[in-house]
1. Does at least one position in region 237-252 carry a residue that is within 21 Å of ILE108 (Cβ to Cβ), out of contact with any Pro (no Cβ under 6 Å at 6 or more places or on another chain) and of a type in the set (Asp, Glu)?
2. I need the full set of residues from region 1-40 which are assigned to a loop (DSSP other than H, G, I, E, B) and either under 19 Å from the mean Cα position of the chain (by Cα) or surrounded by 17 or more Cβ atoms within 10 Å (Cβ to Cβ) (or both), in order please.
3. Which one of these does LYS178 not meet: (1) more than 23 Å from GLY97 (Cα to Cα); (2) under 20 Å from the mean Cα position of the chain (by Cα); (3) surrounded by 15 or more Cβ atoms within 10 Å (Cβ to Cβ); (4) not polar (S, T, N, Q)?
4. Kindly provide the set of residues from region 188-207 that are of a type in the set (Val, Ile, Thr) and surrounded by fewer than 18 Cβ atoms within 10 Å (Cβ to Cβ), ordered by number.
5. I'd like to verify a number: residues in region 193-217 that are part of a loop (DSSP other than H, G, I, E, B) and either aromatic (Phe, Trp, Tyr) or under 19 Å from ASN34 (Cβ atoms) (or both), how many?
6. Given the residues LEU185, LEU168, which is the only one that is crowded, with 22+ Cβ neighbours inside 10 Å, within 30 Å of SER271 (Cα to Cα), modelled with pLDDT of 95 or more and of a type in the set (A, V, I, L, M, F, W, C)?
7. Run down LEU51, LEU57 and say which single residue is modelled with pLDDT of 95 or more, under 16 Å from the mean Cα position of the chain (by Cα) and assigned to a loop (DSSP other than H, G, I, E, B).
Amino acid sequence: MSWKRETVRFRHFHVSYPEEHIVQVTINRPEKLNCIDKTTSREIAEVWEQLDRDESLWVGIITGVGRAFCTGADLHEWNDMNRAGVVNDMGAPGLAGLPRRSGKKPIIAAVNGICMGGGFEMVTNCDVVLAASSAVFSLPEVKRGIVPVAGCLPRLARTLGLQRTMDLVLTGRSVDAKTLYEWGLVTRVVDGDGDTVGRAAVGVAQEMCRNSPDALIVGRVGVRMAWEEGSVETAVTALEREWYPRLVQGANFGEGIRAFVEKRGPKWLDSKL
């Protein structure tokens, strides 16, 4: 059966399947610098839920159209909500289902341009971050009397350190992709435009998909537990006791070892984890 699927178009984004086992969300509201309203946020969040449910999908990608990746929430909508006395919800999983997403499968951010506010919060919790060399990042909330409370502050502090995070949050200044690569948030800087970084993200996703889908899930869990748990040994114990037995019981565990012994490429099955 062919893996190819039709692109699904929503009002402010579209969902495509660039290669086998890969789903890509492309935010498409360039006239508003790809800011995300509440309806769009819920719709994108459902894509990630589908990623985790669909055994044939192993990796997700998010990127944008135009000169922005995402500039966060739609502040015109926020203003209307404020006037109506409605406080915007900052609960999990957050904007576009990403800032506080736990999830099961990896998501790659392909940052094609301006990445601000909630867009930065989304990227902070992605598993791999590729950025065009021209991309710029900022948390300008402080300039608008807001604080980025949707999930990025403790995560950035763990990734960048206290003082670098304070620098970004308390000044609201912009930094380039090279700086965040040196600080440890950006995985790879890609020379070229948004299409180039998008293709690079698909390449990384394909590299992941050459591996066992069970191992992708369990390896991701192990890394994230190490990042989020207060105790390293607690994370190691949980991975060994809760996830390793499930990995061993899956068909892909034996297949990977047999393929090595038989000197052939493994034939992975969709994960049942």
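The values are calculated or read from the model by the stated rules, or taken from the named source; none is laboratory data. Please read all numbers here as calculations on a predicted model, not as lab measurements. Virtual Cβ from ideal backbone geometry, glycine too; neighbours counted across all protein chains shown.
1. Just the residues of region 237-252 that are within 21 Å of ILE108 (Cβ to Cβ), to begin with: none.
No, every residue in region 237-252 fails to be within 21 Å of ILE108 (Cβ to Cβ), out of contact with any Pro (no Cβ under 6 Å at 6 or more places or on another chain) and of a type in the set (Asp, Glu).
2. First, the residues of region 1-40 that are assigned to a loop (DSSP other than H, G, I, E, B): 1-7, 10-12, 17-21, 28-29, 33-35, 37.
Matches in region 1-40: HIS12, TYR17, PRO18, GLU19, GLU20, HIS21, ASN28, ARG29, LEU33, ASN34, CYS35, ASP37.
3. (3)
4. From region 188-207, those of a type in the set (Val, Ile, Thr) are 189-190, 196-197, 202, 204; that's our starting set.
Listed by number, the list holds a single entry, THR196.
5. Here is the first cut: in region 193-217, the ones part of a loop (DSSP other than H, G, I, E, B) are 193, 210-212.
Those left that are additionally either aromatic (Phe, Trp, Tyr) or under 19 Å from ASN34 (Cβ atoms) (or both): 193.
Of the residues in region 193-217, 1 are part of a loop (DSSP other than H, G, I, E, B) and either aromatic (Phe, Trp, Tyr) or under 19 Å from ASN34 (Cβ atoms) (or both).
6. Details: LEU168 fails: within 30 Å of SER271 (Cα to Cα).
Just one listed residue meets the conditions, LEU185.
7. Values: LEU51 fails: assigned to a loop (DSSP other than H, G, I, E, B).
Going through LEU51, LEU57 in turn, just one is modelled with pLDDT of 95 or more, under 16 Å from the mean Cα position of the chain (by Cα) and assigned to a loop (DSSP other than H, G, I, E, B): LEU57.
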